[in-house]
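Once you've had a glance at the structure underneath, I'll fire off some questions.
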Amino acid sequence: MNLLKALLSRIKNVWNRIPGKSLSRRLISFLYHLFKRAFLIFLDFSTSFFLPIINSILTRYMKGRAIPKSVLHISHTVHIPYYMTRILRRHGIQADYLALRDDNAAWNQFDFIFPSRNGISLRFEEFLFFWRVVAKYEVIHSHFGLMLSRSGWELPILKRMGRRIIIHYRGCEARNQDLNMKLHPRDNICQECDYNGMICRASVNRVALAQKYGDEFLVTTPDMKDFMPNARHFPFFLPEIDYEKYKAVEIPLSSRPFKIVHATNHPGIEGTRHIQAAVDALKAKGYDIDFVFLKGVRPERILEEIRTADLTIGKMKMGYYANAQIESMFLGVPAVTHVRPEFMTSELEKSGFIFSSIPELESTLEYYILNPTELDRKRASARSSILQLHDEDHLVYTLLEIYGLKVA
C-alpha cells in the first residue's frame, strides 16, 4: 500500500512539473516521460544481465588488437595530461587525453570527456565508451589512479586484453597523513592540510584498485616514494608556455622594491604562513619588499607577475619542487624551494634553484637581497639548468620505455 502511494505521488509530481496549458500536449509529454523512464530502467536491468556476457566476447575479440604505439591518458580536467599528450604526439605517438567531467574545472581542452550529458544509464554509457574508445589503446596512463569508471570494472578486462596500465600518482591521493607526520615531524605538508586529510582518505579504495592492476607506478616527486616505495620518480615535463611572451624582464633594483612572487591555491600545503612570516620579518628590518601572493587567479596573471620578479618561493614543506617552480625557472626567474638532502644531486646544486628551509628562509632571502651579484648568477643559470634537468627528449624516451613501446 505504501509503495502504491509513493508511486502515485511520484506520478503526480511528474505531471505537475510538465509545463503548458493544453491538456493534450501535457498528456503527450507525460506519456513520453513515463516511456523514457521505463526504457532507462529496462536498459539498466538489461545492462546488469547481458553486459558481462558481451564483455567476455569482446575481450576475446579485442585481445591483441590495439592501435599501434597508442596511449590514452585519463585524468581530472586539468592541463598537465593535455600537454603530455601533445608532447608525445610530437614524438610520433598517438596520444589522447580523456578528461573526467568536472563542470567547475577551469581547463577545457581534451580529446574526450566522460560522462556525457545525454541522460542514458551511466553503466551503459561506460560500456559503450569503453569499447568505442578506451579498449583501442595499447597503453592506459592513469593520472591520480583514475579510470573510466569509479568501480574499476574495466581494469581486469584491460589486463586480459594485454593492455599495459600505468598508474601515475600526482599528489595527496597517494599520501598517508599519519605516516607523513611520523616520518617528518618537523615539517610536512600534512600539518596544515588545506583539505583536512580528505583527499588521502577518500582515495584509499581507488589506490587499492590501482595497486592491484597497475603494471608500472610513477610518482611526480620523489618524496611520494615514502608512501609508494615501488613507484618510479618521473619528473614533470617542461611547461608549454610562450617563452617569448612571458620571459623574465630585468628592471634595475635601484628604482623599485625587491619583488618576490608566491603563487598557490593550497597555502597550508605550501607553507605560505611561514613564507609570509619570513618576508614580514625582513620588512620589519627595513627591507623594501614587494611580496605578491597569488591564490585562485588565472595562470596568465601568475606568469605576468613572475616575469618581473626577482625571486619566486614555493614548496617549502613537501621536500621537493614542483610545477610552479619549474615554470619560474623556465621563464628565467630563480625559485626558492626546499629539497630534502636525500634527493639532492650535483645537477640541482649547480642549478638556478635556491634551496632553503623554513627555519633558514629569512636568512636565505636576506642574503640574496644583500648580494645582487649572487642573485644575478642564479638568474643567469635558471632557464638553462631547468631545460637540462627536464629535457623533453630524455623524458619522452624514458616514458616510452615505461610504456613498453619501441623507441626509435
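The values are calculated or read from the model by the stated rules, or taken from the named source; none is laboratory data. Note that the coordinates shown come from a computational prediction; the quantities given were computed from them, not determined experimentally. FYI the Cβ positions are ideal-geometry reconstructions off the backbone, even for glycines, and counts take in every protein chain you see.
Can you say whether SER328 is outside the structural domain of ILE80 (by TED's automatic domain parsing), within 18 Å of HIS266 (Cα to Cα) and of a type in the set (Ser, Thr, Tyr), as far as the supplied structure shows? Steps first, please.
Numbers: outside the structural domain of ILE80 (by TED's automatic domain parsing): yes; within 18 Å of HIS266 (Cα to Cα): yes; of a type in the set (Ser, Thr, Tyr): yes.
The answer is yes for SER328.
Please state which of the following conditions PHE130 fails to meet, knowing it meets all the rest: (1) in a helix (DSSP H, G or I); (2) over 23 Å from THR85 (Cα atoms); (3) not charged (D, E, K, R).
The number of the failed condition is (2).
Another question, if that's okay. Please specify each residue of segment 97-123 satisfying the condition of being in contact with an Asp or Glu (Cβ under 7 Å, 6 or more places away or on another chain) and over 15 Å from MET147 (Cβ atoms).
If the condition is that a residue be in contact with an Asp or Glu (Cβ under 7 Å, 6 or more places away or on another chain) and over 15 Å from MET147 (Cβ atoms), then ASP111, SER116, SER121 are the ones that fit.
Condition check ((1) closer than 27 Å to MET84 by Cβ; (2) surrounded by fewer than 16 Cβ atoms within 10 Å (Cβ to Cβ); (3) of a type in the set (Phe, Trp, Tyr)) across all residues:
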position	(1), (2), (3)
LYS212	yes, yes, no
GLU216	yes, no, no
PHE258	no, no, yes
HIS274	no, no, no
ALA278	no, no, no
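Still on this structure: I'd like to know if segment 242-249 contains one or more residues that are among the hydrophobic types (A, V, I, L, M, F, W, C) and under 30 Å from ILE402 (Cβ atoms). Before you say what the answer is, go through the steps one by one.
The first filter runs over segment 242-249 and keeps only residues among the hydrophobic types (A, V, I, L, M, F, W, C), leaving 248-249.
If we keep only those that are under 30 Å from ILE402 (Cβ atoms) too, we end up with none.
For segment 242-249, residues among the hydrophobic types (A, V, I, L, M, F, W, C) and under 30 Å from ILE402 (Cβ atoms): absent.
So which of ALA174, ALA231 ends up being over 19 Å from HIS338 (Cβ atoms), at pLDDT 95 or above and in contact with a Phe, Trp or Tyr (Cβ under 7 Å, 6 or more places away or on another chain)?
Exactly one residue qualifies, and that residue is ALA231.
Of everything in segment 250-279, what is charged (D, E, K, R) and part of a strand (DSSP E or B)? Give them in sequence order.
Of everything in segment 250-279, just one residue is charged (D, E, K, R) and part of a strand (DSSP E or B), namely LYS259.
For segment 362-378, which positions are more than 14 Å from LYS259 (Cα to Cα) and in contact (Cβ under 8 Å) with a residue 12 or more places away in the chain?
Listed by number, the residues that qualify are GLU362, THR364, LYS378.
Here's another thing I want to ask about it. Under 24 Å from the mean Cα position of the chain (by Cα), outside any strand (DSSP E or B) and aliphatic (A, V, I, L, M) - does that describe any residue in segment 105-121?
Looking through segment 105-121, at least one residue is under 24 Å from the mean Cα position of the chain (by Cα), outside any strand (DSSP E or B) and aliphatic (A, V, I, L, M).
Go over the candidates ILE157, ILE199, ILE166 one by one and state the one that is in contact with a Leu (Cβ under 8 Å, 6 or more places away or on another chain) and either surrounded by fewer than 21 Cβ atoms within 10 Å (Cβ to Cβ) or under 30 Å from PRO52 (Cβ atoms) (or both).
Within the list ILE157, ILE199, ILE166, the selection yields ILE166.
Also, I was wondering about something else. Looking at this structure, is PHE129 assigned by TED's automatic domain parsing to the domain that holds ALA210 and in contact (Cβ under 8 Å) with a residue 24 or more places away in the chain?
no
From the list PHE112, PHE144, PHE127, which residue is on the phi > 0 side of the Ramachandran plot and out of contact with any Cys (no Cβ under 6 Å at 6 or more places or on another chain)?
Only one candidate passes the filter, namely PHE144.
Continuing with this model, one more query. When segment 41-69 is examined, which residues are found to be modelled with pLDDT of 90 or more, surrounded by 11 or more Cβ atoms within 10 Å (Cβ to Cβ) and β-branched (Val, Ile, Thr)?
THR59, ILE67 - these are the residues of segment 41-69 that are modelled with pLDDT of 90 or more, surrounded by 11 or more Cβ atoms within 10 Å (Cβ to Cβ) and β-branched (Val, Ile, Thr).
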